[in-house]
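Peer 1: Just passing along the structure, written as structure tokens.
The values are calculated or read from the model by the stated rules, or taken from the named source; none is laboratory data. Remember, predicted model here, so these are calculated numbers, not experimental data. All Cβ positions, glycine included, derive from the backbone under ideal geometry; neighbour counts span all protein chains shown.
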Amino acid sequence: MPPVTLPTYADVEQAAGFLEGRAHRTPVLRSRRLDERAGCEIHLKAEHLQRVGAFKFRGALNALSAFDADQRRGGVLAYSSGNHAQAIALAARETGTRAVIVMPHDAPALKVAATQGYGAEVVRYDRYTQDREEIASSLAAERGMTVIPPYDHPHVIAGQGTAARELLADVGPLDVLVTPLGGGGLLAGSILSAGALAPHCRLYGVEPAAGDDGQQSLRQGRIVTIETPRTLADGAQTTHLGQLTFPIIADGVTDIVTATDEELVGSMQLLAATLKQVVEPTGALALAAVLSGAVPDTAGLRVGVVLSGGNIDLARFAELVGAP
Ligand SMILES: *Cc1c(COP(=O)(O)O)cnc(C)c1O
């Protein structure tokens, strides 16, 4: 394996400079009812209110801001189950670059339409039989485009780290910080920020119970690859952590825990009923794990929870959240 240079908190600070005025500084939501229910003080970082409806815009804009003139001329290629695609599409439009997005054929219609709406070209593939990374790299070579992967890239990780940086700046040191976990860009970036701003804060990543490759990787001390998990959390249907995200996570995370689809729906219902917020299943992973007790020993503590995204068809949302 070639040596890799891991991003640091200095890269998160640089990203924060690029993002200032171009990405939203999302609010931190509080609810007394939620605190009572959870038995701790919950600070929700509302990244479902970020541009494109997810934190992914942070990493995408940071990566595209770092393009040189040649890369800008060639354009950007991305593969994604949805939110990274929309994020790259909008960031490309904003930085004057063209974008091609490789998306699974069963990606939510809303996400495909939104990606095309930002002016990107969408190329479809079958996520259960085809390797998206191979498709992406051959297309990119053919067309002279730069691939920006959804999580395993230093500028993407640094960009994602700006969400936790803002949260900690706004509410001060937390005792516990919990984020959803797919490929690990969000968690790794959060670890960089917490390491610098709240060194005593415990950090947890939350995966769907159907796809606990991150937890297995942490236990075994190597990147474990699993089959594509079948879960409502389509933003965390990743099969493995990255070469960059794994070492940062292994070094800085307190633990990786899981939430079931049923727990995700319960958290979505609570967020809708109590805070009037529309959060997608993946976006509810972290809150679900706090409420279920999968994140241990939170009683009375100050707990940061990242609500990572809100992109879900309204009909689907009604079906999930309206269920008795
Ligand atoms: C991508 C995504 C995640 C997972 O982020 P990683 O950086 O891949 O770990 C979580 N929630 C939402 C809404 C996402 O779009």
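Peer 1: Which number in (1) at pLDDT 95 or above; (2) more than 23 Å from GLY53 (Cβ to Cβ); (3) part of a loop (DSSP other than H, G, I, E, B) marks the one condition that LEU203 misses?
Peer 2: (3)
Peer 1: Next up: Within segment 21-68, how many residues turn out to be without any contact (Cβ under 8 Å) to a residue 12 or more places away in the chain and either touching a His at 6+ places or on another chain (Cβ under 9 Å) or assigned to a loop (DSSP other than H, G, I, E, B) (or both)?
Peer 2: 2
Peer 1: Another question, then. Is it the case that some residue within segment 42-59 is more than 27 Å from GLU263 (Cα to Cα) and either within 14 Å of the chain's Cα centre (by Cα) or within 16 Å of the ligand (Cβ to nearest atom) (or both)?
Peer 2: Just the residues of segment 42-59 that are more than 27 Å from GLU263 (Cα to Cα), to begin with: 58-59.
Subset that is either within 14 Å of the chain's Cα centre (by Cα) or within 16 Å of the ligand (Cβ to nearest atom) (or both): 58-59.
The answer is yes, given that some residue of segment 42-59 is more than 27 Å from GLU263 (Cα to Cα) and either within 14 Å of the chain's Cα centre (by Cα) or within 16 Å of the ligand (Cβ to nearest atom) (or both).
Peer 1: Among the residues of segment 70-77, is there at least one that is within 19 Å of GLY182 (Cβ to Cβ) and either in contact (Cβ under 8 Å) with a residue 60 or more places away in the chain or in a loop (DSSP other than H, G, I, E, B) (or both)?
Peer 2: No, because not a single residue in segment 70-77 is within 19 Å of GLY182 (Cβ to Cβ) and either in contact (Cβ under 8 Å) with a residue 60 or more places away in the chain or in a loop (DSSP other than H, G, I, E, B) (or both).
Peer 1: The conditions are (1) touching a residue at least 60 places away in the same chain (Cβ under 8 Å); (2) surrounded by fewer than 22 Cβ atoms within 10 Å (Cβ to Cβ); (3) in contact with a Pro (Cβ under 9 Å, 6 or more places away or on another chain); (4) not charged (D, E, K, R), and THR274 fails exactly one of them. Which is it?
Peer 2: (3)
Peer 1: A further question follows. Restricting to segment 278-324, what's the tally of residues that are more than 13 Å from the ligand (Cβ to nearest atom) and either at pLDDT below 95 or not hydrophobic (A, V, I, L, M, F, W, C) (or both)?
Peer 2: Residues meeting the conditions: 16.
Peer 1: Within 14 Å of the ligand (Cβ to nearest atom), in contact (Cβ under 8 Å) with a residue 12 or more places away in the chain and either part of a strand (DSSP E or B) or crowded, with 16+ Cβ neighbours inside 10 Å (or both): which single residue out of ALA91, ALA114 fits that description?
Peer 2: Details: ALA91 fails: within 14 Å of the ligand (Cβ to nearest atom).
Result of the check over ALA91, ALA114: ALA114.
Peer 1: Can you name the residue in segment 141-161 that is within 22 Å of THR5 (Cβ to Cβ) and among the hydrophobic types (A, V, I, L, M, F, W, C) and, of all such residues, is farthest from the ligand (Cβ to nearest atom)?
Peer 2: VAL147
Peer 1: Against the definition (surrounded by 23 or more Cβ atoms within 10 Å (Cβ to Cβ), modelled with pLDDT of 95 or more and part of a helix (DSSP H, G or I)), how does ALA194 come out, yes or no? Give the steps one after another, and end with the answer.
Peer 2: Values: surrounded by 23 or more Cβ atoms within 10 Å (Cβ to Cβ): yes; modelled with pLDDT of 95 or more: yes; part of a helix (DSSP H, G or I): yes.
Here the answer is yes, as ALA194 does meet what is asked.
Peer 1: Given the options GLN216, GLN160, GLN243, name the one that is in contact (Cβ under 8 Å) with a residue 12 or more places away in the chain and assigned to a helix (DSSP H, G or I).
Peer 2: GLN160
Peer 1: Just one of (1) among the aliphatic types (A, V, I, L, M); (2) in contact with a Ser or Thr (Cβ under 9 Å, 6 or more places away or on another chain); (3) farther than 24 Å from SER292 by Cα; (4) away from the ligand (no atom under 11 Å from the Cβ) trips up ALA198, so point out which.
Peer 2: (2)
Peer 1: If you don't mind, another one. Considering segment 210-227 alone, what residues qualify as being within 14 Å of the ligand (Cβ to nearest atom) and exposed (fewer than 15 other Cβ atoms within 10 Å of the Cβ)?
Peer 2: None - no residue of segment 210-227 is within 14 Å of the ligand (Cβ to nearest atom) and exposed (fewer than 15 other Cβ atoms within 10 Å of the Cβ), so the list stays empty.
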